[in-house]
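The values are calculated or read from the model by the stated rules, or taken from the named source; none is laboratory data. Bear in mind the structure is a predicted one, so any value in this text is a computation, not a measurement. Ideal geometry is used to build each Cβ from the backbone, glycine not excepted, and the neighbour counts take in all protein chains shown.
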């Protein structure tokens with residue numbers, strides 16, 4: 001099997017899949033950063049029923065089959081869904097759109113960020129937080145000035161893991177995005193479609209691109225781990 005990379009790189013459907021995956025990764029990375037910081041602040045407070053329910057909802061995508069998760073989201077966000085119907089009336093389309101792809105990626109990677117942050121906060125030295133309170137800092141000030149700097153490596157690790165999940169997401173994206181060529185077809189879906197069509201050259205090229213992206217993320221993740229271990233040794 002020979003791969004004509006020049007021909008493949010000129011192929012619009014391949015470029016559109018690559019660009020959609022990169023755009024999705026950028027959007028969800030920003031959303032995961034905000035969600036990880038805010039959820040970490042919320043979920044590590046005093047245990048309540050609301051926090052327990054939120055924790056369960058966040059954890060669910062980790063253990064629930066992606067296709068089933070996508071179906072549940074379809075029921076909520078579809079044209080006749082509880083959330084989707086009013087949005088549809090407002091002219092906001094989610095299903096079979098790039099917005100649906102963004103949501104799929106966000107939901108799939110969210111637990112990886114939040115659980116990393118939550119675990120880091122729960123295992124940090126509580127005396128640091130109590131000392132901040134003793135000095136008159138509010139809970140918000142303590143979280144920003146004391147907790148976030150302490151858990152920065154865990155947050156970065158969660159973001160890298162969620163980024164990898166974003167590039168590899170298929171099941172939820174298939175349901176919400178619809179796998180529409182040149183519109184909602186990500187690289188992972190393009191590989192699936194290419195294999196199904198017998199276009200192994202295209203599948204191979206896209207797989208190589210994803211492999212390089214994965215290796216880059218692995219290198220960053222390893223660097224973060226080494227830096228975190230070094231800072232702990234110094235401390």
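Residues 19, 8: which one is more than 14 Å from the chain's Cα centre (by Cα), at pLDDT 85 or above and either surrounded by fewer than 18 Cβ atoms within 10 Å (Cβ to Cβ) or over 26 Å from residue 119 (Cβ atoms) (or both)?
That would be 19, the only listed residue that is more than 14 Å from the chain's Cα centre (by Cα), at pLDDT 85 or above and either surrounded by fewer than 18 Cβ atoms within 10 Å (Cβ to Cβ) or over 26 Å from residue 119 (Cβ atoms) (or both).
With the condition kept exactly as written, say whether any residue in region 78-86 is at pLDDT below 95, under 23 Å from the mean Cα position of the chain (by Cα), in a helix (DSSP H, G or I) and exposed (fewer than 14 other Cβ atoms within 10 Å of the Cβ).
no
Across region 99-148, which residue is nearest to the chain's Cα centre (by Cα) among those that are surrounded by 16 or more Cβ atoms within 10 Å (Cβ to Cβ) and assigned to a loop (DSSP other than H, G, I, E, B)?
124
Just name the residue that is surrounded by the fewest Cβ atoms within 10 Å (Cβ to Cβ) out of those in region 149-167 that are over 30 Å from residue 177 (Cβ atoms) and touching a residue at least 24 places away in the same chain (Cβ under 8 Å).
Out of the qualifying residues, it is 150.
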